[in-house]
1. How about the stretch 33-122: which strands (runs of 3 or more DSSP E) wholly inside it have at least 1 residues that are among the polar types (S, T, N, Q) and open to solvent by 30 Å² or more (accessible area, probe 1.4 Å)?
2. Condition test on residue 133, is it at pLDDT below 80, open to solvent by less than 40 Å² (accessible area, probe 1.4 Å) and over 15 Å from the mean Cα position of the chain (by Cα)?
Amino acid sequence: MRLLLGVLTLLVLCVGGLVGLWWLGGPDTHRWVARRALELVLDREIHVDGTFEVALGTEPLFQLTGLRIDSPSWAEAPTQLRIERAQIQVALRPLLRRVLVIPLVALEGVTIALETAADGRHSWQSDGAQGGALPREGKLGIPLFDSLSVSDATVIYHDQRSGSRTRLDLVSLTYQPDDASGDMRLDANGDID
């Protein structure tokens, strides 16, 4: 019983310390915590050159500007993802059931550079996930979106094996589920070469 109380006390102190650091730390601390968490998940260097704000609640809203995620060292493009402005809201309660529900994603000024290396590695996978490795246990599945909008986006794919390049320019992309029928509606406007 004492061991259980000791573990619970330690857990409460750790969570309380993290919450206190978050509340008292200010914007620079928020940027650092978010950047480090993303770096651990993505196994890439992350840069937040602009602002980072969080509205806490059961569905916290993250607003940021100037996000950059580096490509792996072998890739031609130095930056794999660049987002000028983003608003992302995450529902916390479904996470307890390992379901990722994202009520809102609004992205502006997005550039994505995807590459396949001559040896078959993919820039969108971490080195540990290359070669079709099985996902880790406890990993979240495909997220469920309530509202998704992307404006002024460019996706570039370069296959180093064949030398081919494909570019997709999106003026806008919106997704909103149709509550009445349960169907989804996806609208897009752009060009592909």
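1. Once the strands (runs of 3 or more DSSP E) in the stretch 33-122 are filtered for at least 1 residues that are among the polar types (S, T, N, Q) and open to solvent by 30 Å² or more (accessible area, probe 1.4 Å), what remains is 61-70, 79-91, 101-116.
2. Spelling it out, it is not the case that residue 133 is at pLDDT below 80, open to solvent by less than 40 Å² (accessible area, probe 1.4 Å) and over 15 Å from the mean Cα position of the chain (by Cα).
The values are calculated or read from the model by the stated rules, or taken from the named source; none is laboratory data. For clarity, every value in this text was computed on a predicted model and none was experimentally measured. Keep in mind that these areas ignore ligands, DNA and RNA; they rest on the heavy atoms of the full protein, side chains included. Shrake-Rupley method; radii C 1.70, N 1.55, O 1.52, S 1.80 Å.
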